[in-house]
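Input: a single structure, listed below in structure tokens.
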Amino acid sequence: MAKEATSTSAGIFGRRNRISLPTYLFLRTAFFIADCFFLVPLFLAAAISRFSSRRIDVGLGPVPLINNVYHKRALNLAGYSAETFVDSLWSTTNEFDYKKFVSLPLFIRAFTPYYLALRSLFTYKCVYVYFTGGPLRLTTFLCYLEPLLYMVAGIKTVAMPFGSDVNVLTRTPNLLFKHGIGQNYPGLRMERRRTARLVDVWTSGADCVIGGCDWVDYLYHWDHLMLAHFSIDTDKWAYAGLRSDIEDRSTPLLLLHAPNHRALKGTDALLSAVEQLQAEGINIRLQILEGVPNSQVHETISSVDVVVDQLIIGAYAMFALEAMSTGKPTVCFMRHDLEELFVGAGLVTEGEIPLVRSDIFTLKATLRHLESNRAELRDIGEKSRQFVEDHHSLEAISQHFAAINTNIGLAPSQ
């Protein structure tokens, strides 16, 4: 049986898909040949594109993250025209503007990077990309020249992390996180040098680098620090609060957990804690969602009392924000050193982040306390909603993006 290889950056092959080693080597060889063929034409096109009239201020892509859907709306609020474009689709959402290649046969999609790069040169005044890169992220060596390509074209670039795109695991102090990565994504070890090199390429080549979250462990420079660049539509994720009889302990306290990678979220520890508490007679019930559309997550969050997010990573992300926006108390591990950074940098005040702090070692005690002190939950939920409005609403993130664009010399066209 052929060995399997996992390409963590290979969007056109599907997220986390495994392909046979011969197929993987064939595809990489084909991309190398294609890179050689398109190298000169792309740079000639970049030089010519400097004189074109680009119609859109910001392009966001091509990684199919739901973040980009919200980022577009935040940019629109700041007066910038924006478009999302993708080279693949994941299960969370398909609400992207330019996605015409994702349903085509694989041999045609193999040319997606080059077409998207060419299109970007004549369409966008600025591109917001992750550290995997822009349209050329799947290529063999053109990906390392991409910032230079945009520089030749006179296109501004903003680089921001999302997770695995910066996870150079020799740099993290979090050994449990490193262990979880090994359990869930063993193929990442094959990408370490590529990831580190791309962090270098975009850190030196982008007009602005955004830092925040636990991503700062892997970055050695950032121009604009945020808690995290995650933005959320607080109208869509409207405040729901808690049920009127939340303090009635004859009804179970309903917990929700939605892991996209169990070892990194501490799912086994959660299952064990709930099982032990139930055996002790503690009235709690756990629901787990995996691999479902964002719309189903939305519906389920509204029906529960407490959301349990990640217990390993040390920072919150989109799932926690979705829960907090609806007014649900959210259990999450928040590293003290990261919170100190954000407080020291003036992004939040001490104690402002309203997460119910817990990790795999304290979770059982945390859940027991929440179930027996239900009167505290409503206040936590209200503070959670306010925190999201203040720091992660479309309006709040639009202010960050407006400041970034002003600093790099990009004026709004709207």
- Query: Quick one: which of LYS156/LYS178; LYS72/LYS383; LYS125/LYS383; LYS125/LYS265 span more than 31 angstrom between C-alpha atoms?
  - Reply: LYS156/LYS178; LYS125/LYS383; LYS125/LYS265
- Query: Let a ≥ b ≥ c be the square roots of the eigenvalues of the Cα gyration tensor of the range 253-392; is it rounded (a/c under 1.5), or, if not, prolate (a/b larger than b/c) or oblate?
  - Reply: rounded
- Message: I'd like to know which of ALA317, LEU355, ALA263 lies farthest towards the positive end of the charge dipole of the range 253-392, counting +1 on Cβ of Lys and Arg and -1 on Cβ of Asp and Glu.
- Response: ALA263
- So which GluC sites (Glu not before Pro) in the range 273-324 end up in coil per DSSP with only 15 or fewer other C-beta atoms within 10 Å? GLU280, GLU290
- Message: How would ASP200, ASP337, ASP207 line up from fewest to most surrounding beta-carbon atoms within 10 angstrom?
- Response: ASP337, ASP200, ASP207
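Tally the DSSP beta bridges in the chain and give the antiparallel ones as a percent, rounded to 5.
Working: 4 of 33 bridges.
Of all bridge pairs located within the chain, approximately 10 percent are antiparallel.
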- Item | Separation in nanometres of the label points that stand 7 Å from Cα toward Cβ, at ASP200 and VAL348 | 3.4 nm
- Query: Tell me, how many Å apart are the Cα centres for the range 284-347 and for the range 123-159?
  - Reply: 32 Å
- Query: Rounded to whole Å and sorted largest first, what semi-axes of the equivalent ellipsoid does the C-alpha gyration tensor of the range 361-414 yield via the square root of 5 times each eigenvalue?
  - Reply: 40, 13, 6
- Using eta = 1.306 mPa s and T = 10 °C, Stokes-Einstein with Kirkwood Rh from Cα pairs puts D for the chain, in µm² s⁻¹, at 71 µm²/s
- Square roots of five times the C-alpha gyration tensor eigenvalues of the range 220-303, ordered largest first and given in whole Å, equal 29, 20, 13
- Query: Given the C-alpha centroids of the range 220-258 and the range 41-80, what is the distance between them in whole angstrom?
  - Reply: 30 Å
- Task: Please report MET160, MET151, MET324 as a ranked list, fewest other C-beta atoms within 10 angstrom at the top and most at the bottom.
- Result: MET151, MET160, MET324
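If you place +1 on the Cβ of every Lys and Arg, -1 on the Cβ of every Asp and Glu, and leave all else neutral, what size is the dipole of the range 253-392 about its Cα centre, to the nearest 20 Debye?
Dipole about the Cα centre, nearest 20: 320 debye.
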- Message: Within 12 Å, Cβ to Cβ, of LYS364, how many net charges do the neighbouring residues add up to if Lys/Arg are +1 and Asp/Glu are -1?
- Response: -3
- Can you list, largest first and rounded to whole Å, the semi-axes you get for the range 17-144 by taking the square root of 5 times each eigenvalue of its Cα gyration tensor? 25, 20, 11
- Of the listed peptides 388-401, 357-370, what is their order by residue-averaged count of other C-beta atoms within 10 Å, with the highest listed first? 388-401, 357-370
- Task: Please report the base-10 log of the normalised intensity I(q)/I(0) for the range 75-230, using a Debye sum with one equal scatterer per alpha carbon and no solvent, at each q in 0.14, 0.15, 0.16 (1/Å).
- Result: -0.77, -0.89, -1.01
- Give, rounded to the nearest 20 debye, the magnitude of the charge dipole that the chain has about its Cα centre when Lys and Arg contribute +1 at Cβ and Asp and Glu contribute -1 at Cβ. 1660 debye
- Message: Of SER302, THR157, PRO113, which is farthest towards the positive pole of the chain's charge dipole, taken about the Cα centre with +1 and -1 on the beta-carbons of Lys, Arg and Asp, Glu respectively?
- Response: PRO113
- Item | Extreme residue, positive dipole direction of the chain, given options GLY205, LEU338, TYR24 (C-beta unit charges) | TYR24
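Please state the relative contact order of the range 253-392 as a whole percent: Cα pairs under 8 Å, 6+ residues apart?
Relative contact order for the range 253-392 comes out at 27 percent.
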- If R0 is 30 Å, what FRET efficiency do you get for LYS236 and GLN287 from their C-beta distance, rounded to 0.05? 0.90
- Degrees separating the helix 66-77 axis from the principal Cα axis of the chain, which is the longest one: 80 degrees
- Which FRET efficiency, nearest 0.05, do GLN399 and LEU44 yield, Cβ-Cβ r, R0 35 Å? 0.35
- Note on the structure: So the angle from the long Cα axis of helix 112-121 to the longest Cα principal axis of the chain, reported in degrees to the nearest 10, equals 80 degrees
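Laboratory data are not the source of any read-out in this text; all were calculated from the coordinates shown. Model, not experiment: these values are computed from the prediction. Virtual Cβ from ideal backbone geometry, glycine too; neighbours counted across all protein chains shown.
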